[in-house]
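Asker: This is the structure I have questions about; it appears just below.
The values are calculated or read from the model by the stated rules, or taken from the named source; none is laboratory data. What you are looking at is a predicted structure, and each value in this text was computed from that prediction instead of being measured. As a convention, Cβ positions derive from the backbone with ideal geometry for all residues, glycine included, and neighbour counts pool all protein chains shown.
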C-alpha cells in the first residue's frame with residue numbers, strides 16, 4: 001500500500017486547515033501551520049479563487065488525509081455509508097470515527113492518529129478482551145477498548161495519557177485513565193462531530 005512519507009505539515013498547509021497530523025506538537029507553539037499557513041510551494045500564496053469542483057475535491061482530501069486513509073479505503077467507506085439508512089455524509093463521518101485506530105487516538109492512547117494505527121497493527125490493543133490488530137475494525141456501542149496486559153508497562157502509552165487532557169475525550173467515549181481502558185458509551189452522532197467539515201461536498205463529488 002502506498003504511504004505518504006514527506007513532511008506532514010505540508011498536508012495541513014495544502015488543505016488550509018490544521019489536521020493535527022503530528023499529535024501533541026500541533027497544540028503547541030511549534031506548530032508549523034500556525035507560523036506559516038500559506039499553501040506549500042513558491043506559488044502557495046498566489047492561488048486564485050477555486051472552482052466548484054476544486055472545493056469539493058479539497059474537502060474530500062482534507063477529511064481523507066485527516067484520518068490517514070488512502071483513496072481506495074476512503075471510497076470503500078463512502079460506499080458503505082451510501083448503503084446505510086440516513087444521510088450519507090453523516091454516515092461517512094460516523095464510520096470514520098468508529099475505526100479502532102481513531103478510537104485509540106481519541107481515548108489518548110497515542111499522540112497522533114498515525115501512531116495509534118501503528119500500535120494497533122502491532123497488536124497492543126484489545127476489544128472486549130480479544131486482541132484486534134486491524135486499524136479499520138469498527139467498534140460498536142458498549143465495546144470496551146484497552147491495552148493488552150503486557151503492553152500497559154510501555155512508556156509510550158503512559159506518556160500519551162499525560163497529554164489527553166489537552167485534547168479531551170469525545171462525549172461518546174469514556175476513559176478509565178488508571179486502568180488504561182475505554183468504553184464506547186454510544187455511537188457518535190453527526191451533531192457532536194466536527195462542525196468544520198462540509199460532508200455534502202464529498203457526497204456531491206462522488207455523485208458526479
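Asker: Could you check how many residues of the range 99-121 are touching a residue at least 12 places away in the same chain (Cβ under 8 Å), surrounded by fewer than 21 Cβ atoms within 10 Å (Cβ to Cβ) and out of contact with any helix residue (DSSP H, G or I) (no Cβ under 7 Å at 6 or more places or on another chain)?
Answerer: Looking only at that region, the number is 2.
Asker: Condition check: under 26 Å from residue 201 (Cβ atoms), modelled with pLDDT of 95 or more and in contact with a helix residue (DSSP H, G or I) (Cβ under 9 Å, 6 or more places away or on another chain). Does residue 95 satisfy that?
Answerer: Here the answer is yes, as residue 95 does meet what is asked.
Asker: Filter the range 165-189 for residues that are buried (at least 16 other Cβ atoms within 10 Å of the Cβ) and modelled with pLDDT under 90 and give the result.
Answerer: Scanning the range 165-189 gives a single hit, 167.
Asker: Which condition number does residue 124 fail, the rest of (1) surrounded by 17 or more Cβ atoms within 10 Å (Cβ to Cβ); (2) in contact (Cβ under 8 Å) with a residue 60 or more places away in the chain; (3) more than 25 Å from residue 59 (Cα to Cα) being met?
Answerer: Among (1) surrounded by 17 or more Cβ atoms within 10 Å (Cβ to Cβ); (2) in contact (Cβ under 8 Å) with a residue 60 or more places away in the chain; (3) more than 25 Å from residue 59 (Cα to Cα), residue 124 violates only (2).
Asker: For the range 114-128, does any single residue satisfy the condition of being within 17 Å of residue 185 (Cβ to Cβ), more than 12 Å from the chain's Cα centre (by Cα) and in a loop (DSSP other than H, G, I, E, B)?
Answerer: yes
Asker: Now for a separate question. Of all residues in the range 131-177, count the ones that are within 16 Å of residue 102 (Cβ to Cβ), in a loop (DSSP other than H, G, I, E, B) and in contact with a strand residue (DSSP E or B) (Cβ under 8 Å, 6 or more places away or on another chain).
Answerer: 11
Asker: Checking residue 192 against (1) under 16 Å from the mean Cα position of the chain (by Cα); (2) without any contact (Cβ under 8 Å) to a residue 24 or more places away in the chain; (3) surrounded by 14 or more Cβ atoms within 10 Å (Cβ to Cβ), which test does it fail?
Answerer: (3)
Asker: Just to check your reading of the model, which residue among 68, 90 is touching a residue at least 60 places away in the same chain (Cβ under 8 Å), surrounded by 17 or more Cβ atoms within 10 Å (Cβ to Cβ) and in contact with a helix residue (DSSP H, G or I) (Cβ under 7 Å, 6 or more places away or on another chain)?
Answerer: Matching residue, one of 68, 90: 90.
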